[in-house]
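Heads up: the structure comes next, in structure tokens.
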Amino acid sequence: DMKVTQMPRYLIKRMGENVLLECGQDMSHETMYWYRQDPGLGLQLIYISYDVDSNSEGDIPKGYRVSRKKREHFSLILDSAKTNQTSVYFCASSPGTSNTEVFFGKGTRLTVV
Amino acid sequence: GEQVEQLPSILRVQEGSSASINCTYENSASNYFPWYKQEPGENPKLIIDIRSNMERKQTQGLIVLLDKKAKRFSLHITDTQPGDSAMYFCAASAASSGSWQLIFGSGTQLTVMP
């Protein structure tokens, strides 16, 4: 069963704390993504990773960084979280650079208070 | 950056009628146009897609139309059922740093009323 797994599903953090969102996929996909979803704004791309240690900024990278040390694992890090980073974060993966289906995880709902 | 405009943002239809969602894109080089359905608390899931070598695609009550000249594509759900109620996202492919990514529309919240 092809899956993108995100941990944790729900997270509450205080402003200024560091946040680590983890994502794994079992499909050996080369490309992985982090999106955030906010009402009325759809899915906005934060970072894209083409393979291990090959990461590029998306449309809204400010305040975030990523790490991909293994093909199946992609982490999103918020150093010193801000209240405007309260959102639902989706990790996704796709087989490569061709135009094919992107598979999404179930999301992490992050609240920064 | 490039944008995909999606309208309407909210759509309410009567059960059994059809629902239409429209999207426009900017990049004439875009060649892949998927549609995702997201139910409350769930992840977006691909329901249908179309590539630029086609103008129309149909599967299980879903029809997608693509007008490359107008840079417009649309999703039509025929004979809507309450189970079709969800958030729908369109997307268009866009080249980025020698590779590609999907640019998503802002979503349409569809409610099918019994």
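List of remarks:
- Selection of segment B:81-107 for residues being more than 14 Å from chain A (Cβ to nearest Cβ), polar (S, T, N, Q) and open to solvent by 50 Å² or more (accessible area, probe 1.4 Å) yields only B:81.
- Qualifying residue in segment A:36-44 (condition: buried (at least 18 other Cβ atoms within 10 Å of the Cβ), more than 19 Å from residue A:10 (Cα to Cα) and within 14 Å of chain B (Cβ to nearest Cβ)): yes
- The residue that is modelled with the lowest pLDDT, counting only those in segment A:49-76 that are outside any loop (DSSP other than H, G, I, E, B) and loosely packed, with under 13 Cβ neighbours inside 10 Å, is A:54.
- Residue count for segment A:14-31 under the criterion of being at pLDDT 95 or above and surrounded by 18 or more Cβ atoms within 10 Å (Cβ to Cβ): the result is 5.
- Top-ranked residue in segment B:21-80 [being free of Cβ contacts under 8 Å to residues at least 40 places away in the same chain, among the charged types (D, E, K, R) and outside any strand (DSSP E or B); ranked as nearest to the other protein chains (Cβ to nearest Cβ)]: B:42
- For segment A:77-113, a residue qualifies if it is exposed (fewer than 14 other Cβ atoms within 10 Å of the Cβ) and of a type in the set (Lys, Arg), and exactly one does: A:82.
The values are calculated or read from the model by the stated rules, or taken from the named source; none is laboratory data. What you see is a predicted model, and the numbers here were worked out from it, not measured in a lab. Don't worry about glycine lacking a Cβ; one is built from the backbone with ideal geometry, like all the others, and counts go over all protein chains shown. The area values use the complete protein model at the heavy-atom level, side chains included, leaving out ligands, DNA and RNA. Shrake-Rupley method; radii C 1.70, N 1.55, O 1.52, S 1.80 Å.
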